[in-house]
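A.B. asks: Okay, here's the structure, questions in a sec.
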Amino acid sequence: MITGTENWNLAIFRDSLAASEAAADVVTSVIHDNPYAAISFPTGSTPLGMFDVLAARAARGEIDFSNVTVFCLDEYIGVTVEDPNSLTRWLWDALLTRIGITPDRLHTLPVIANDPVAAATEYEEAITARGGLDLAILGLGPNGHVGYNEPGSSADSRTREIALTPESLTQASAYWEGAVAIPGQAMTIGVGTLLESKQILLLVTGDAKAGILRRALEEPMSADVPASWLRIAGPRLSVIADEAAASNLSAVHPG
Ligand code: PGA
């Protein structure tokens, strides 16, 4: 069970709608405090409700994204933004066009670079040049990944190419279009980079995530469940879950 020595925050909401509103509140507050914030957003089905709330708030003029910079969290190797399977393109359509982020304020991962190691280092340098991420928003993969930091990822891992696990490939196949096989490799912002963010928001909904959320929050931190490393961030980590995802937690965290 989680002890009082871990001082990260957990908030549990009735359903995914309420969790999405709460997550959108975090984004809103970060941008109100710093209109020039650098943010990374997750892809997947979990953030869609939060995206709708943010788009509605932007349309009503309650939140202004015009000076916000976005860093892509992960992308398949060799997949350009024109490709219908691009995660960058997906984020573009699902959120960024709706909130008025322009291409000049979007940092895309260098997944077609000749020298991916050097290009990933440059991507890290761009994050550092912004003073680190102000907010890293993350979903939780069924295998415990955050971004595409797959099991085996160390707490000090950096932006890099990584081989996708069979579980992640199965997860991705639900979204994948066309006859071309899903690339076995992706590039992801590293765990160590994420841990340097001023705030980290882990958004987890649905009963399918109950088991892996329990492992991430209650088992000893380990590369087996890379999301567990986020607890190192202490009070800079906020976990927002709905009751379904939180249903396996053995007790409510005091934070
Ligand atoms: P999901 O993906 O929101 O589609 O469950 C989460 C993730 O893998 O980050």
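A.B. asks: Looking at the structure I just gave you, is T170 among the polar types (S, T, N, Q), out of contact with any Pro (no Cβ under 7 Å at 6 or more places or on another chain), farther than 25 Å from I200 by Cβ and surrounded by fewer than 20 Cβ atoms within 10 Å (Cβ to Cβ)? Full working, then the answer.
C.D. replies: Values: among the polar types (S, T, N, Q): yes; out of contact with any Pro (no Cβ under 7 Å at 6 or more places or on another chain): yes; farther than 25 Å from I200 by Cβ: yes; surrounded by fewer than 20 Cβ atoms within 10 Å (Cβ to Cβ): yes.
Judged against the criteria, T170 is a match.
A.B. asks: Since A181 meets every condition but one in (1) assigned to a loop (DSSP other than H, G, I, E, B); (2) open to solvent by 30 Å² or more (accessible area, probe 1.4 Å); (3) aliphatic (A, V, I, L, M); (4) more than 25 Å from R89 (Cβ to Cβ), which condition does it not meet?
C.D. replies: (4)
A.B. asks: Shifting gears a bit: Taking R60, is it among the basic types (K, R) and under 18 Å from the mean Cα position of the chain (by Cα)? Lay out the reasoning, then the answer.
C.D. replies: Details: among the basic types (K, R): yes; under 18 Å from the mean Cα position of the chain (by Cα): no.
It is false that R60 is among the basic types (K, R) and under 18 Å from the mean Cα position of the chain (by Cα).
A.B. asks: Can you tell me how many residues within segment 160-211 are of a type in the set (D, E) and touching a residue at least 60 places away in the same chain (Cβ under 8 Å)? Spell out how you get there, then give the answer.
C.D. replies: First, pick out the residues of segment 160-211 that are of a type in the set (D, E): 161, 167, 177, 196, 207.
Now drop any that are not touching a residue at least 60 places away in the same chain (Cβ under 8 Å), which leaves 161, 177, 196.
Number satisfying all stated conditions: 3.
A.B. asks: When both residues are 6+ apart or on different chains and their Cβ atoms are under 8 Å apart, which pairs have a first residue that lies in segment 136-155 and is more than 8 Å from the ligand (Cβ to nearest atom) and modelled with pLDDT of 95 or more, and a second that is of a type in the set (F, W, Y) and open to solvent by less than 10 Å² (accessible area, probe 1.4 Å)?
C.D. replies: I137/F41
A.B. asks: Can you tell me how many residues in segment 101-131 are over 14 Å from G190 (Cα atoms), open to solvent by 40 Å² or more (accessible area, probe 1.4 Å) and touching a residue at least 12 places away in the same chain (Cβ under 8 Å)?
C.D. replies: Selection size over segment 101-131: 5.
A.B. asks: Can you tell me which of P42, P84, P47, P35 is touching a residue at least 60 places away in the same chain (Cβ under 8 Å) and either open to solvent by 40 Å² or more (accessible area, probe 1.4 Å) or touching a Phe, Trp or Tyr at 6+ places or on another chain (Cβ under 6 Å) (or both)? Steps first, please.
C.D. replies: Values: P42 fails: either open to solvent by 40 Å² or more (accessible area, probe 1.4 Å) or touching a Phe, Trp or Tyr at 6+ places or on another chain (Cβ under 6 Å) (or both); P47 fails: either open to solvent by 40 Å² or more (accessible area, probe 1.4 Å) or touching a Phe, Trp or Tyr at 6+ places or on another chain (Cβ under 6 Å) (or both); P35 fails: touching a residue at least 60 places away in the same chain (Cβ under 8 Å).
Just one listed residue meets the conditions, P84.
A.B. asks: Follow-up question, since we're still on this one. From the list A244, A227, A208, A186, which residue is among the small types (G, A, S), within 16 Å of the ligand (Cβ to nearest atom) and in a loop (DSSP other than H, G, I, E, B)?
C.D. replies: On the way: A227 fails: in a loop (DSSP other than H, G, I, E, B); A208 fails: in a loop (DSSP other than H, G, I, E, B); A186 fails: in a loop (DSSP other than H, G, I, E, B).
Checking each option against the conditions leaves just A244.
A.B. asks: Name the pairs whose Cβ atoms lie under 8 Å apart, with the first residue in segment 3-29 and at pLDDT below 95, the second open to solvent by 40 Å² or more (accessible area, probe 1.4 Å), and 6 or more positions between them or separate chains?
C.D. replies: Matching pairs, first to second residue: G4/P254; E6/G255; N7/P235; N7/G255.
A.B. asks: Could you count how many residues in segment 162-208 are farther than 19 Å from F41 by Cα and of a type in the set (D, E, K, R)?
C.D. replies: Qualifying residue count, segment 162-208: 3.
A.B. asks: If we keep just the residues of segment 189-205 that are among the small types (G, A, S) and under 18 Å from E150 (Cβ atoms), which is nearest to the ligand (Cβ to nearest atom)?
C.D. replies: Taking segment 189-205 and keeping what is among the small types (G, A, S), we get 190, 192, 197.
With under 18 Å from E150 (Cβ atoms) added as a condition, the list becomes 190, 192.
Details: G190: 15, G192: 18 Å.
Of everything passing the filter in segment 189-205, G190 is nearest to the ligand (Cβ to nearest atom).
A.B. asks: Return only the number of the condition from (1) within 16 Å of the ligand (Cβ to nearest atom); (2) over 13 Å from the mean Cα position of the chain (by Cα); (3) not hydrophobic (A, V, I, L, M, F, W, C) that Y36 does not satisfy.
C.D. replies: Only one criterion in (1) within 16 Å of the ligand (Cβ to nearest atom); (2) over 13 Å from the mean Cα position of the chain (by Cα); (3) not hydrophobic (A, V, I, L, M, F, W, C) is unmet by Y36, namely (1).
The values are calculated or read from the model by the stated rules, or taken from the named source; none is laboratory data. The structure displayed is predicted, hence computed values, not measured ones. FYI the Cβ positions are ideal-geometry reconstructions off the backbone, even for glycines, and counts take in every protein chain you see. For the accessible areas, the whole protein counts, side chains as well, though only heavy atoms, and no ligand, DNA or RNA atoms are used. Shrake-Rupley method; radii C 1.70, N 1.55, O 1.52, S 1.80 Å.
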